[in-house]
Amino acid sequence: MPNVELSRLGISLQGILSEASFVGADDFFVRSCCGNAAECRPGDLFVALVGSDDDGHLHIEQAISAGASMLLVERLVATDLPQCLVPDTRRAYALVCQALAGGPCDYMKTIGITGSHGKTSIAALLESILAASGKRVGAIQSLGATIGGRTMTRDPLAWTAPQLSFLLARQVIEECSHAIVELPSQCLASYQATGVQLDVAILCNVRRQHLNLHGNLTNYRRVKTRIFDHLKSGGVAVVNADDPLCHELLPTLTIPCLTYGVVQEANVQGKVLEQAWGEQVIMITAGNESIVVRTAQTGQQFLEHCLAAATAALALGLGLTDIARGLEQCHVVSGRMQTVQCGQPFGVLVDAADQADQLAVLFKTSRYSESGRTICVCTHHDDQTTEQRYQLGKIAERGAKVVVITGRHTSLGEVDYEPIHQILDGFKHPGRVQVIPDRIRAIEWALSQARPGDTVLITGAGHRPVVTAGEDRWDVTDADVCQAWLYEQTKAGSTDDDWNDSIYSIEDYR
């Protein structure tokens, strides 16, 4: 959505941009704006966005030729058009987009979630809790956007200011009482969410990820804590007391805050009572009250996600009964600790884990049986640093008996082996590792190696499609590949003893 045009009357820039100064007019009344000169339309306010790889001031002539009637800039340019001068056009653009959308956060309870990982799972759990309590909920997350349980879009989010304002406005139009918004570090760092006001802000963890984007861990944590700048008056922060960097942050917070944890003392605490493959029983305690919940996923990491969602729900005024009902009704989060069961005598689990710490947690919590082996599909991709790939290989060798390294997508052309070698550098015995660049072949091979009681972990892609196939261009995920292979084994009448006697190739995906 390149243009925003949701208000016929227009908005006053002077009213929403307190640090702005005006040249050529005392104020601007804006009905639409655009941050891309190539997509500018007559009457638009053109915003000269300044980023790391482009400067919108260099495209002002193109915007004027397209019909821009006024400019939002960081430095004055030679033109007869009126100009609004601001310190940061990215922040100003986001504020204008939210204002043109009618200030949607004023009409809903809005919950923001940030963290190195776990955002999507927490969003899904909180959405289920709110829905179970009779609320109409909208969610904006990496899996797409939903309204009242109905899919609005499954398109990958660009996390731009116009997109966020449009999706929030749609949720208001659809009469949502609550909105859940994932806010990744890229979105916070670029100020795309400026103007998104939160009733609850969740910080679930800060790990050593995305350091190639933020420079170092200190900068990364500073970016993550920007989520608290979005809190409304009276808003509440929800923080993971078990995460070391989050725990260090707690004494510095001057805003209302609720904590959750399994190990550290916190306002909301939890523990695992029983655990089996594909489910666990947990207890959540808040003050003098406790609830017992049976969840469809396992492990301490998932328990932390449940605690984050429960704490946010408590901050919104919900009771433990509604929280328990909502957690139990949330069965599967696509590509997040997703079990694949087609009658096979071994465990298959799909997860988005592509970092060493995430993989270590999976190894601890995903064993199908004590006697079985762990077989791991380990994934490289462009966003990983050399050090992250080295650590990924190190943890994979420690946690799995059998490892196959592959890419995030099925290979259709020339293979870049350098990232594969960087993962292999983390292994003491790299000769034992299987390398299959084609992802579908790698998954098939891993499944073919499984014996009864083993655990097969397909990691690194999660819900992302590994290939798009067919005339209708349908997306194929890791879970789809697993199900197709396992169903073929079932159709062939495989027994526990001969599950891996044949390898099924999913040629229809090619």
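Readers should treat all values here as calculations from the given coordinates under stated rules, not as data from a laboratory. For clarity, every value in this text was computed on a predicted model and none was experimentally measured. As a convention, Cβ positions derive from the backbone with ideal geometry for all residues, glycine included, and neighbour counts pool all protein chains shown.
Counting neighbouring Cβ atoms within 10 Å and putting the fewest first, the residues 485, 277 line up as 277, 485. Principal-axis analysis of the Cα atoms of the chain puts helix 478-491 at an angle of about 30° to the longest axis.
On the principal axes of its alpha carbon atoms, the range 21-174 extends 57, 30, 24 Å, with the longest extent given first.
Counting only alpha carbon atoms, the long axis of helix 119-132 and the longest principal axis of the chain meet at about 80°. Cross-link reach is defined here as a Cα-Cα straight distance under 18 Å, omitting same-chain residues fewer than 8 places apart; for residue 232 the aspartates and glutamates meeting it are 106, 182, 199.
If I stretch the segment between residue 174 and residue 414 completely, what's the gain in nm (0.36 nm per residue apart, minus their alpha carbon distance), one decimal?
Length gained, residue 174 through residue 414: 81.7 nm.
Full extension of the chain between residue 150 and residue 78 yields a length gain of 21.0 nm, computed as 0.36 nm times the residue separation minus the alpha carbon distance.
Which ordering of 153, 410, 379, 218 is given by a fewest-first count of other beta-carbon atoms within 10 Å?
218, 153, 410, 379
Tally the DSSP beta bridges in the range 3-89 and give the antiparallel ones as a percent, rounded to 5. Working shown, then result.
Numbers: 8 of 16 bridges.
Antiparallel bridges make up about 50 percent of those DSSP assigns within the range 3-89.
Full extension of the segment from residue 271 to residue 58, taken as 0.36 nm per residue of separation minus the current Cα-Cα distance, would add 71.0 nm.
Residues with beta-carbon under 15 Å from that of residue 134, excluding residue 134: net charge, scoring Lys, Arg +1 and Asp, Glu -1? Before the final figure, lay out each step's value.
Working: positive: 109, 135, 136, 325; negative: 127, 175, 322.
Overall, the nearby charge balance is +1.
For the set 364/401; 271/401; 224/364, the pairs lying more than 22 angstrom apart at their alpha carbons are 271/401; 224/364. At a threshold of 8 angstrom on Cα-Cα distance, excluding pairs fewer than six apart, so keeping six or more, what relative contact order does the range 276-432 reach in percent? For the range 276-432, the relative contact order is 17 percent. Ranked by the mean number of other Cβ atoms within 10 Å of their residues, highest first, the peptides 131-137, 32-38 fall in the order 32-38, 131-137. Looking at the range 104-329, the DSSP beta bridges with both ends there are about 50 percent antiparallel.
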